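Just below is one structure, and these are the notes that go with it.
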Amino acid sequence: MKVLNICFYITGRASILSHHEEFEEKYQNIYKNMVSFLFEEPDSHFSLSFSGPLVSWIDREHSEFTQLISKLIGKKQTEIIGSGYYNPVFPLLFPQDRSGQIDLMTAECRRCVGKRPRGMTVFNSVWDNNLVPCFQSCGMEYLFLDSSLIPKEKQCYLPLLLSEQGKSISVLPVSREFIPNMLIAPREYLRNLFDTINYLTKDDSYNILTDERVVAIKIDEHQFKKLYESKWLAKLYATAKEYFSDSVKITLPIEYLHREQTRVPSYIAAGIQSDVAKWARKPYEESVEHYSSRASIFDFLLTYRQNKALYDRMLYISLLINQCKGDKARKKIAREKLWIAQSGEGYICDPNGVFANNAVRQHAYRNLTEAEKLVRDAQKDAFNETVSSYDYNGDGFNEYICAMKQYNACISLHGAQISELDIIHNTGNYADSPSRIKQFDKVDDKYQRGLFVDHLFSLEEFAEYKKGVPTGSGIFSQTIFRQADFDAHRHEIKLSGTGEFSSINAKVTLVKKYIAKSGSLTVQYILKNDSPFDLKGVFVVESSYAQTDFSSVKANSYKVELVSNDEAGEIDAKESPRSVKKVSYLQITDTSNDILFGYEPNEICDIVCLPMIFRRPSVGSDVPTISGNSFVASLCWNIELMAGKEIEKNITYSITVPKKKRKSK
């Protein structure tokens, strides 16, 4: 090797929840210094990779920045790197959404700086080879991929050539091990970089084709800030010019690729960059990744239930939009809402193991609900309420999708619970509650939290349950129910599940019937004692409401009102568990969105309400920290069932939304 080409690209990223003040602070402290540096150092070259919302914000608020970038592009000192506008996880999207997001980003870059990108990045290097035709059709000539995805025999420090269905695209592997270190002097850094790559490539077969090699190095915005303020970056370019003018070229990717024709034909299997993939095998635990058994994005989703649930909802809305034949303007806006919800933050963690929090997921769910509402309004014919049955989440069991006027609910055979509840009033998924994990929360729930999760406890177990302590054998909450009857026309779903009660192993059966209506659900229960023993216990119907107030990690947006002993009242269960006896009506209000959830049982019951706190690992701390919370409300009946007898309970569940829409938060 005679010449080493170095392609630096600097990333500017913003959370989907970022607001004007955050953008402005980063602009003043970081982004404008990028342009200043390029003008101060005319021999410097690096590419810029910004997210779509960040590009739009900068052009709107600081048009001088994009004007200067346009001049620097003309001087061939920089180039803009493309991507999907909202940094989506491309393998999870339908082809139309993949190309749409890339084209939107391309158009925005052309509008702002006068030139379209020719290369692109992929969020967390989440890769699948079938993306090649889409990227090439969108006008992309090359992309950056993390070197951990590259087969060892193809790590030649040359561009790779990926092909699929007659289309091809070049790949520049990104080497994280060569990220600049301010503790190493620029001259030593360049010397070590040249010598290392020269040593690794001295005996390979490509030396007869070219005497040049290339390395792509990603520098994030925070690393750039340190390198810029310490003057290390300026010294690097000066050193390269003075001491390495014949052996090192710091150049732009497009300049190098147009000059160098050598490519290494390759195939890259589906995967994720290694520092993210290590989180995919065990929930919130790092594991060692091997190339031969590398995790894919779908391994990650199967490990994290809430991320998978968001993906299922996103896929459902995408199908609705693709099938919509009505108003094109509304359909276009609905697709834009869908693209916002496809931001990769909600589906996969970052390299530090920072997972999507409740606020990120609820933001995505809210946009998906807005998209569904627009699709309903766009239909040529009036919207028809439907209840359908199919495998909604790909778990091998049919779910029941209730698309009603006020809500969209998914009823699962796992616990016969409502696993997703989206109110068609621009709100998120109220069933988006995690379960406690013993490693972090000191207790293990052992069942999936949702709405209308049923338990049958002994009196001793119920005493523990009221304290918020996991208890019982999981009867009905862990049961996989089966379909007893389904009438799509009448919107009726009848499910049946069996289990063994307490230590006496008494067989019990629960028949649970949902009747979906425009703004309510009727839930009917028939609990039968199929054993030869009499049993005595407590039947509990539990609902866990996801938090919608994100002002703090412990914020609780739910207010509880009830009628007990024919008297109306209110209880405060925001800090600790509360129990009330002889309740005939219960109303839970989401004060953040003014949405009311009413429970009207056919028989007097007791209620238990409590906040539920969830802890997860956090960066820079050995102790799990609060990552979110939900609000639990349970209706409880004391029961005495003789052998062979049954009892019936009914609950009318109503959903009331305000007449005037609140602005989305």
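The values are calculated or read from the model by the stated rules, or taken from the named source; none is laboratory data. Because the structure is predicted, anything quoted here is derived from the model rather than measured. FYI the Cβ positions are ideal-geometry reconstructions off the backbone, even for glycines, and counts take in every protein chain you see. In case anyone asks, the SASA skips ligands and DNA or RNA and just uses the protein heavy atoms, side chains included. Shrake-Rupley method; radii C 1.70, N 1.55, O 1.52, S 1.80 Å.
Determine, yes or no, whether Tyr365 is open to solvent by less than 10 Å² (accessible area, probe 1.4 Å) and either at pLDDT 95 or above or farther than 24 Å from Ala516 by Cα (or both). Let's see the steps before the verdict.
Numbers: open to solvent by less than 10 Å² (accessible area, probe 1.4 Å): yes; either at pLDDT 95 or above or farther than 24 Å from Ala516 by Cα (or both): yes.
Spelling it out, Tyr365 is indeed open to solvent by less than 10 Å² (accessible area, probe 1.4 Å) and either at pLDDT 95 or above or farther than 24 Å from Ala516 by Cα (or both).
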* Selection status of Lys337, open to solvent by 50 Å² or more (accessible area, probe 1.4 Å) and modelled with pLDDT of 95 or more -> yes
* Asked: In the list Gln406, Gln417, Gln379, which residue meets the criterion of being open to solvent by 10 Å² or more (accessible area, probe 1.4 Å) and either in contact with a strand residue (DSSP E or B) (Cβ under 9 Å, 6 or more places away or on another chain) or within 14 Å of Gly450 (Cβ to Cβ) (or both)?
  -> Gln406
* Any residue at all in the range 189-196 that is among the β-branched types (Val, Ile, Thr) and not in a strand (DSSP E or B)? -> yes
* Any chance you could count how many residues in the range 437-460 are part of a loop (DSSP other than H, G, I, E, B), open to solvent by 40 Å² or more (accessible area, probe 1.4 Å) and either in contact with a strand residue (DSSP E or B) (Cβ under 7 Å, 6 or more places away or on another chain) or among the acidic types (Asp, Glu) (or both)? => 2
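Within the range 278-295, restricting attention to residues that are of a type outside the set (D, E, K, R) and in contact with a helix residue (DSSP H, G or I) (Cβ under 8 Å, 6 or more places away or on another chain), which residue is farthest from Glu370 (Cα to Cα)? Steps first, please.
Step one: filter the range 278-295 for residues of a type outside the set (D, E, K, R), giving 279-280, 283-284, 287-288, 290-293, 295.
Those still in the list that are in contact with a helix residue (DSSP H, G or I) (Cβ under 8 Å, 6 or more places away or on another chain) too: 279-280, 283-284, 291, 295.
Details: Trp279: 32, Ala280: 30, Pro283: 31, Tyr284: 31, Tyr291: 41, Ala295: 33 Å.
My answer is Tyr291.
What number of residues within the range 246-268 satisfy the criterion of being open to solvent by 80 Å² or more (accessible area, probe 1.4 Å) and either assigned to a helix (DSSP H, G or I) or within 14 Å of Lys76 (Cβ to Cβ) (or both)? First the steps, then the outcome.
We begin by selecting, within the range 246-268, every residue open to solvent by 80 Å² or more (accessible area, probe 1.4 Å); these are 246, 249, 258-259, 261, 265, 267.
The next check asks that each one be either assigned to a helix (DSSP H, G or I) or within 14 Å of Lys76 (Cβ to Cβ) (or both); those that pass are 249, 258-259.
Total meeting the criteria: 3.
Touching a residue at least 40 places away in the same chain (Cβ under 8 Å) and within 15 Å of the chain's Cα centre (by Cα): does that describe Gln342?
Numbers: touching a residue at least 40 places away in the same chain (Cβ under 8 Å): yes; within 15 Å of the chain's Cα centre (by Cα): yes.
In short, yes.
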* Asked: touching a residue at least 40 places away in the same chain (Cβ under 8 Å), farther than 24 Å from Tyr142 by Cβ, among the charged types (D, E, K, R) and out of contact with any strand residue (DSSP E or B) (no Cβ under 6 Å at 6 or more places or on another chain), is that true of Lys26?
  -> yes
* Is one or more of the residues making up the range 504-511 surrounded by fewer than 22 Cβ atoms within 10 Å (Cβ to Cβ) and of a type in the set (Gly, Ala, Ser)? -> yes
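Search the range 217-245 for residues being part of a helix (DSSP H, G or I) and among the acidic types (Asp, Glu), and hand back the single one that is surrounded by the fewest Cβ atoms within 10 Å (Cβ to Cβ). Before the answer, list the steps.
We begin by selecting, within the range 217-245, every residue part of a helix (DSSP H, G or I); these are 221-229, 232-243.
Applying the additional criterion that residues be among the acidic types (Asp, Glu) yields 221, 229, 242.
Numbers: Glu221: 19, Glu229: 12, Glu242: 9.
Applying the filter and picking the extreme gives Glu242.
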* Out of the range 555-582, which residues are aliphatic (A, V, I, L, M) and open to solvent by 70 Å² or more (accessible area, probe 1.4 Å)? -> Ala568
* Asked: Quick one: how many residues across the range 69-107 are open to solvent by less than 30 Å² (accessible area, probe 1.4 Å) and either under 23 Å from Trp127 (Cα atoms) or out of contact with any Lys or Arg (no Cβ under 7 Å at 6 or more places or on another chain) (or both)?
  -> 25
* Close pairs (9 angstrom Cβ cut-off, 6 or more residues apart or separate chains): touching a residue at least 12 places away in the same chain (Cβ under 8 Å) and within 24 Å of Ser168 (Cα to Cα) in the range 267-280, open to solvent by less than 40 Å² (accessible area, probe 1.4 Å) and basic (Lys, Arg) anywhere -> Ala269/Arg294; Ala270/Arg294; Gly271/Arg294; Ile272/Arg294
* To do: Could you look through the range 288-310, keep only residues that are open to solvent by less than 30 Å² (accessible area, probe 1.4 Å) and hydroxyl-bearing (Ser, Thr, Tyr), and pick out the one that is farthest from Gly346 (Cα to Cα)?
  => Ser296
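Which of the residues belonging to the range 388-436 are part of a strand (DSSP E or B) and under 21 Å from the mean Cα position of the chain (by Cα)?
Residues of the range 388-436 that are part of a strand (DSSP E or B), as a first pass: 388-390, 399-403, 407-411, 414, 418-423, 429.
Of everything in the range 388-436, those that are part of a strand (DSSP E or B) and under 21 Å from the mean Cα position of the chain (by Cα) turn out to be Asn408, Ala409, Cys410, Ile418, Ser419, Glu420, Leu421, Asp422, Ile423, Asn429.
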* List every residue pair whose Cβ atoms sit under 8 Å apart, with the two residues 6 or more apart in sequence or on different chains, where the first one lies in the range 225-236 and is among the charged types (D, E, K, R) and the second, anywhere, is open to solvent by 20 Å² or more (accessible area, probe 1.4 Å) and in a helix (DSSP H, G or I). => Lys225/Asn29; Lys225/Asn33
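Restricting to the range 361-387, and then to whatever is of a type in the set (A, V, I, L, M) and more than 20 Å from Gly415 (Cβ to Cβ), can you tell me which residue is nearest to the chain's Cα centre (by Cα)?
First, the residues of the range 361-387 that are of a type in the set (A, V, I, L, M): 364, 368, 371, 374-375, 378, 382, 387.
Now drop any that are not more than 20 Å from Gly415 (Cβ to Cβ), which leaves 364, 368, 371, 374-375, 378, 382.
Numbers: Ala364: 8, Leu368: 13, Ala371: 17, Leu374: 22, Val375: 23, Ala378: 27, Ala382: 32 Å.
Going through the qualifying residues, I end up with Ala364.
Residue-wise test of (1) in contact (Cβ under 8 Å) with a residue 40 or more places away in the chain; (2) touching a His at 6+ places or on another chain (Cβ under 6 Å); (3) under 27 Å from Lys517 (Cβ atoms); (4) hydrophobic (A, V, I, L, M, F, W, C).
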position: Gly353; (1), (2), (3), (4): yes, no, no, no
position: Ala359; (1), (2), (3), (4): yes, no, no, yes
position: Val375; (1), (2), (3), (4): yes, no, yes, yes
position: Ala403; (1), (2), (3), (4): no, no, yes, yes
position: Leu413; (1), (2), (3), (4): yes, no, yes, yes
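What's the total number of residues in the range 199-216 that are assigned to a helix (DSSP H, G or I), within 19 Å of Ser147 (Cα to Cα) and of a type outside the set (S, T, N, Q)? Before you say what the answer is, go through the steps one by one.
So in the range 199-216, the residues assigned to a helix (DSSP H, G or I) come out as 199-201, 205-208.
Remaining after also requiring within 19 Å of Ser147 (Cα to Cα): 199-201, 206.
Next, only the ones that are of a type outside the set (S, T, N, Q) stay: 199-200, 206.
Number of matching residues: 3.
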* Inspect all residues belonging to the range 603-620 and state whether any of them is modelled with pLDDT of 95 or more and in contact with an Asp or Glu (Cβ under 7 Å, 6 or more places away or on another chain). => no
* Please enumerate the residues belonging to the range 38-53 that are surrounded by fewer than 19 Cβ atoms within 10 Å (Cβ to Cβ) and hydrophobic (A, V, I, L, M, F, W, C). => Phe39
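Go through Thr106, Thr78 for me and flag whichever is of a type in the set (S, T, N, Q) and touching a Leu at 6+ places or on another chain (Cβ under 7 Å).
Numbers: Thr106 fails: touching a Leu at 6+ places or on another chain (Cβ under 7 Å).
Just one listed residue meets the conditions, Thr78.
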* Within the bounds of the range 461-476, is there any residue that is in contact (Cβ under 8 Å) with a residue 24 or more places away in the chain, assigned to a strand (DSSP E or B), within 30 Å of Arg366 (Cβ to Cβ) and in contact with a strand residue (DSSP E or B) (Cβ under 7 Å, 6 or more places away or on another chain)? -> no
